[in-house]
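The structure appears below as structure tokens.
Derivation of every value follows stated rules applied to the coordinates shown; laboratory data play no part. Since the structure is predicted, the reported quantities are computational estimates derived from the model, not experimental observations. Neighbour counts are summed over all protein chains in view; Cβ atoms, including those assigned to glycine, are modelled from backbone coordinates with ideal geometry.
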Amino acid sequence: MKRINRVNALPLEEFILLKREVAKRIFAKEFEACRELEKAARSDSEALDSKVPNFLISPLGLILNRVFVVGVVTELDNIGTQGEMWKARIVDPTGAFTVYAGQYQPEASIFFSTVKVPAFIALTGKARIYEPEPGSVFVSIRAEEANVVDEEIRNRWVVDTAEQTVDRLAAFSDALASGYHGEELREYLIERGVSSELAQGISIALEKDVSQEFIKLLRTSIREGLKALDFDGGTGAKADQKEFVLELLKEMGGSKGVDYATFMEEAVARGIPEQVVEEVTRILLAGGQCYEPKIGIIRLVG
Amino acid sequence: MDEKIAPHLEELTRALGDLEKTGIRAEFEKLIAFRVPPDVAKETILRKFGGKRKVLKIKDLSANLKNFELTGRILDLGEKPIRPQEGTNKGSSRLYTGVLADETGSVLFSSWKELPGSVGDVINIKNAYTRVWQNRIRLSIGEQSLVSKEPDSTLPSLSELSGSQTKKLIDIGAMDFSVNTVACVIQFSHREVLVKGRQSRVISGVLADETGRLPFTAWVELPGIDIGSIIRIEGAQIRMFKGMPSVNILNSTKVSQVGPEEAKNLAFTFESAVKDPAPIKIEDINSRESMFDVAAAGNVVSVRPGSGIISRCPECGRVIQKGNCRVHGKVEGIRDMRIKAILDDGTGSMSVMFPRELAEIVYGKTLEEAEQLMFSDVSKDAVYEDLRRFLTGRYLAVRGNASKSEYGISFVAEKAWIPEDDLAVRVVELLRRLGPDEENKQGECSSTGGIYLA
């Protein structure tokens, strides 16, 4: 009863914030470049209120709090000195997310205590930022819920996330080319069909210098990641060679993984050109189908 | 004391305008009387009345908004005396009620003070708020609202506003009383209902155009009209039912069939209107008060508590706890299964309710199989835990009705399936949008060369 009264007493902005935060789709490369959304960028009455969640903003203007990621968990450690504190690395085609789950995330902690590395997992969590000193920033996810999923779901997540990122890239380039700033830019973008939240995010993001290099790298890794997706085995000669390299990796690697140099020697001996082995390995790494447990060792997922 | 509060009052006047007229000063002094420190009282008042005052159009109104500004033309105005409550020494007061309209819609209002205008005049209201009353949003003008007459307004004239507005189905909402529309009948059936103790026959069905669908009810016969008819409806009444607008065809409503020549110019045909709705972004569902018969797809990001096996009261169907119904007391519960899950597509999220038939399909277990699990496990949440393990992260597409509540969108699913769109096609389109890669150009040349040679 008390709670309902409170809701009625809240002004419009805060009322909306009580709704569930949308779980944003974002690749690791864009995620790790996120920075804290300064409270001053929002209205005073919101900033005064401690209930307002902490938001991060990506270089492309995505404002986020909750995220939904699907990828391969490649490392999992209990780093807690007293009680549990799980630290996990979840790899997507562009990089890796660092995820934490402690005693206040019981559901995620129980999940991490049972999951076997490596595995495809889906996870929701809140983005956290930690800046021990100026210039060194750590962006991570505090896990809420997680589950083991199959490769089909992982592929679909990559395509969904690529679509939303490419939409964002398009809106961002449009904003950059328009020459507008601030409020004018916001209105321009909304006019162009961009959601009001992204329009606000982009107008904030554009106030900082945006590295063209970052955008280029992001585009390249999305492109690579999409090409690496494996639907029903793929098509053509490249797919055959890929299949062969994969089989060989299975044969040689077993459950422990294989030394990359040894693997390369063996593959070349069986008639696969060196650059093909290199490319396939890179694609497999980017696609999350294999990973490096130690430098120089590659191992298949699953 | 006055010296201490004077600067705060000055600041409030700068921020909020005339404090006396709006009663804000009285509110401030009340806080002071309750020993609230003046600077805290100032903050409180600023938070309540100040900040960004939003200027809204009538179509933007939703339940429980506060502190906004609105301009509209009075379409209708009446007053009724309110008897004073017993035990209070207040004299009798008057409540002014009527209808206010702008170019986006019209809304019922009630005012506790006399308005500075009458039917046909345009008024501007600052610090208005909304309440839900009898299933409809009502604009409230309180003691602290500032109402002024706007003699030179560009709002449409009284006759334009009071006539029925012609609208597409998607634009029809709680703010409409009477509308005109052209739509196709895609469902049509007769049913018997009890109205004021009398059995009467009504027609109910579904209308569709290129923008969406809405249910309709006809309280009169519709000769010659059936599934597939494209009809023009003039002066239909909009009523709200379970948060969903419904088109009501009454005696006063004109219904005519659209001829084949005119139908050619419409943006829809029976074939296109009757097609299953394609999934839309959850963001688009979030932005509306309600949507009838829409589809969306996303990930199950959370399975909510209360999912799994539940007990219902045999009398009223309410969910019961520990064998006790809130209304009927101790009852022998009937077991049922349901799933409440958060579906999120990255643009928006909504709470989706899967009733038993769908829950069984989505879960892949029948109620009986789930019961087995419940009895074989010591944990009372065995089914819920199993559901979470099974569903969290999965892709689902749903079709059903969405309506907005205080905590966001609730969606009642009528169909659910696993989306099977072709990822390879989407990847090709994405690669095209990303453009060619510099280092890949060479690769592309050689592959073209290969085709040429072949």
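Relative contact order, percent, of the range B:1-48 when contacts are C-alpha pairs under 8 Å separated by at least 6 residues? Before the final figure, lay out the partial values.
Numbers: 21 pairs, mean separation 19.4, N = 48.
Here the relative contact order equals 40 percent.
Quick check on the protein assembly as shown: helices-only [θ] at 222 nm, where DSSP H runs of length 4 and up contribute -39,500 (n - 2.57) each and the sum goes over total residues. Nearest 500, please.
Working: 25 runs with 251 residues, N = 756.
The per-residue figure over the protein assembly as shown is -10000 deg cm²/dmol.
Could you put A:150, B:102, B:276 in order, starting from the residue whose Cβ has the fewest other Cβ atoms within 10 Å?
Working: A:150 12, B:102 21, B:276 9.
In order of increasing Cβ crowding within 10 Å: B:276, A:150, B:102.
For the range B:282-417, just say rounded, prolate or oblate: build the C-alpha gyration tensor, square-root its eigenvalues into a ≥ b ≥ c, call rounded for a/c under 1.5, and beyond that prolate if a/b exceeds b/c, oblate if not.
Details: a/c = 2.24, a/b = 1.44, b/c = 1.56.
It is oblate, given that a/c is not under 1.5 and a/b is not larger than b/c.
Taking H as built 1.01 Å from N, whose amide H comes closer than 5 Å to the amide H of residue B:68, not counting residues under 5 places away?
B:127, B:128
Taking the Cβ of residue B:160 as the centre, find all other residues whose Cβ is under 13 Å away and add up their charges (Lys, Arg: +1; Asp, Glu: -1).
Details: positive: B:73; negative: B:102, B:103.
Net of charged neighbours comes to -1.
Test of the criteria: in the range B:1-77, which chymotrypsin sites (Phe, Trp or Tyr not before Pro) are in a DSSP loop and have at most 16 other Cβ atoms within 10 angstrom of their Cβ? Numbers along the way, then the final one.
Details: sites: B:28, B:34, B:49, B:68; in loops: B:34.
Sites meeting the loop and neighbour criteria: B:34.
Can you flag which of A:19/B:126; B:322/B:365; A:29/B:59; A:242/B:281; A:227/B:281 are past 30 Å Cα-Cα?
On the way: A:19/B:126 27 Å; B:322/B:365 24 Å; A:29/B:59 41 Å; A:242/B:281 36 Å; A:227/B:281 26 Å.
Violating the 30 Å limit, Cα to Cα: A:29/B:59; A:242/B:281.
How charged is the neighbourhood of residue A:185? Take every other residue with its Cβ under 12 Å from the Cβ of residue A:185, and add Lys/Arg as +1 and Asp/Glu as -1. Present the calculation step by step, with values, prior to reporting the outcome.
Values: positive: A:186, A:192; negative: A:174, A:183, A:184, A:187, A:191, A:207.
Cβ neighbours under 12 Å give a net charge of -4.
Which one of B:118, B:211, B:199 is farthest out on the positive end of the charge dipole of the range B:86-231, using unit charges on Cβ (Lys, Arg +1; Asp, Glu -1) and the Cα centre as origin?
The residue sitting most towards the positive pole is B:199.
Averaged across B:424-431, how many Cβ atoms of other chains sit within 10 Å of each residue's Cβ atom?
Values: counts 7, 1, 6, 10, 1, 3, 9, 6.
The mean count of partner-chain Cβ atoms within 10 Å per residue comes to 5.
Treat the count of other C-beta atoms within 10 Å as a stand-in for reagent exposure and order B:244, A:252 from fewest to most.
Working: B:244 19, A:252 16.
Lowest count first: A:252, B:244.
How tilted is helix A:274-286 with respect to the longest principal axis of chain A? Cα atoms for both, answer in degrees (0 to 90, nearest 10).
With rounding to tens, the tilt is 40 degrees.
Give the shape of the range B:2-51 as rounded, prolate or oblate, defined through the alpha-carbon gyration tensor: a ≥ b ≥ c are the square roots of its eigenvalues, a/c under 1.5 means rounded, and otherwise the shape is prolate if a/b is larger than b/c and oblate if not. Intermediate values should be presented prior to the final figure.
Values: a/c = 1.40, a/b = 1.32, b/c = 1.06.
The shape class here is rounded.
As I understand it, the dipole of the protein assembly as shown uses +1 on the Cβ of Lys and Arg and -1 on the Cβ of Asp and Glu, about the Cα centre. Which of A:287, B:410, B:139 lies farthest toward its positive end?
It is B:139, whose Cα lies furthest towards the positive end.
What is the pair-distance distribution P(r) of chain A, computed from all Cα-Cα distances in 10 Å bins starting at 0, with each bin given as a whole percent?
Per 10 Å bin, starting at zero, the Cα-Cα P(r) for chain A comes out as 6, 23, 30, 23, 13, 4, 1, 0 percent.
On a straight-distance basis, which lysines could pair with residue B:80 in a cross-link, Cα separation under 16 angstrom, same-chain partners fewer than 8 positions away excluded?
Here the lysines satisfying the reach criterion relative to residue B:80 are B:113.
Using a ≥ b ≥ c from the Cα gyration tensor of the protein assembly as shown (square roots of the eigenvalues), is it rounded, prolate or oblate, where a/c under 1.5 gives rounded and otherwise the larger of a/b and b/c decides, a/b for prolate? Don't skip to the end; give the middle numbers.
Details: a/c = 1.76, a/b = 1.51, b/c = 1.16.
Prolate is the answer for the protein assembly as shown, as a/c is 1.5 or above and a/b outweighs b/c.
Tally Lys/Arg at +1 and Asp/Glu at -1 over every other residue whose Cβ is under 11 Å from the Cβ of residue B:413; what's the total? Mind dumping the intermediate values first?
Details: positive: B:338, B:340, B:399, B:415; negative: B:357, B:414.
Net local charge, residue B:413 excluded: +2.
Within 10 Å of each residue's Cβ, count the other Cβ atoms and sort B:246, A:211 from fewest upward. Intermediate values should be presented prior to the final figure.
Working: B:246 19, A:211 11.
Least crowded to most crowded, the residues run A:211, B:246.
Scan the range B:157-258 for trypsin sites (Lys or Arg not before Pro) in coil per DSSP, keeping those whose Cβ has at most 13 other Cβ atoms within 10 Å, and list them by number.
Numbers: sites: B:167, B:168, B:191, B:196, B:198, B:201, B:213, B:232, B:239, B:242, B:254; in loops: B:167, B:168, B:196, B:242.
Those that pass, being in a loop and sparsely packed, are B:196, B:242.
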